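The values are calculated or read from the model by the stated rules, or taken from the named source; none is laboratory data. Remember, it's a predicted structure, so these values are computed and weren't measured experimentally. Here the Cβ is made from the backbone with ideal geometry for all residues, glycine too, and neighbour counts use every protein chain on show.
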Amino acid sequence: MSDQNELKVVDGRRLRSERCKKTILDACEQLLGEGHLVPTAQMISDKAGVPIRTFFRHYPDMESLFYAVDESLKPKYERIFEETVSAGTLSERIESAVEVHARSFEENKALLKSTQAQLWRYQAIQDNYARVNRGLRKDLDKRIPELKEIDRDAREIIDGLASIEMWVRLRDHQKLSKARSTRIIQQSIELILRNGL
């Protein structure tokens, strides 16, 4: 076999391998979207239409798969940090910041719930979640620069109010609407910023 033919064979194998990995990733994302917060390897391989051996050839363990899923979805959920910062009064900027974050939380609800369900299991998920929370904090600083000047305890309370956990609590546990949840967070942040602790 010539060198050129060997290269074609290798390239063809690599292409098939990449397509198979993408099929597995897509299947996992679909299962998350359907509400399967902790999909098993068997569920994912069945959804992808690949043998379980093939699944584990591409992803030797579930942590490597969830890391790949996070890398695949990262551009979608990190778009929040690229959005234009609104000008205006303090109230308007708080409203804009909370609405941008709320929209991102809603758009990525399945991934957030899966992350929370599996946070204790995998170091990769813990690292990614910590990175996202650092990004959310920096984004708030960018949108509401007054946060850099307030008491440290007050700042931690505001981060708690603006957190993924608070959003999940209001929306899922307390069953509040998106509009009401957004309003509660906005008003609470403004109250602390204007009046202190």
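Examine the stretch 63-79 for a residue that is among the aromatic types (Phe, Trp, Tyr), within 11 Å of the chain's Cα centre (by Cα) and under 19 Å from residue 158 (Cα atoms), and state whether such a residue exists.
No, every residue in the stretch 63-79 fails to be among the aromatic types (Phe, Trp, Tyr), within 11 Å of the chain's Cα centre (by Cα) and under 19 Å from residue 158 (Cα atoms).
Can you tell me which condition residue 97 does not meet? The list is (1) outside the structural domain of residue 139 (by TED's automatic domain parsing); (2) under 21 Å from residue 187 (Cβ atoms); (3) small (Gly, Ala, Ser), and all the others hold.
(1)
Inside the stretch 89-102, can you point out the residues that are surrounded by fewer than 21 Cβ atoms within 10 Å (Cβ to Cβ) and either under 12 Å from the mean Cα position of the chain (by Cα) or farther than 15 Å from residue 135 by Cβ (or both)?
Of everything in the stretch 89-102, those that are surrounded by fewer than 21 Cβ atoms within 10 Å (Cβ to Cβ) and either under 12 Å from the mean Cα position of the chain (by Cα) or farther than 15 Å from residue 135 by Cβ (or both) turn out to be 89, 90, 91, 92, 93, 95, 96, 99, 102.
Within the stretch 150-160, count every residue that is surrounded by 15 or more Cβ atoms within 10 Å (Cβ to Cβ) and basic (Lys, Arg).
1
Residues are listed down the side, and each one gets a yes or a no for (1) within 17 Å of the chain's Cα centre (by Cα); (2) under 19 Å from residue 102 (Cβ atoms); (3) surrounded by fewer than 13 Cβ atoms within 10 Å (Cβ to Cβ):
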{"position": "125", "(1), (2), (3)": "yes, no, no"}
{"position": "129", "(1), (2), (3)": "yes, yes, no"}
{"position": "136", "(1), (2), (3)": "yes, yes, no"}
{"position": "148", "(1), (2), (3)": "no, no, yes"}
{"position": "162", "(1), (2), (3)": "yes, yes, no"}
{"position": "167", "(1), (2), (3)": "yes, yes, no"}
{"position": "177", "(1), (2), (3)": "no, yes, yes"}
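Given 127, 46, which one is acidic (Asp, Glu) and outside the structural domain of residue 189 (by TED's automatic domain parsing)?
Being acidic (Asp, Glu) and outside the structural domain of residue 189 (by TED's automatic domain parsing) holds for just one of 127, 46, which is 46.
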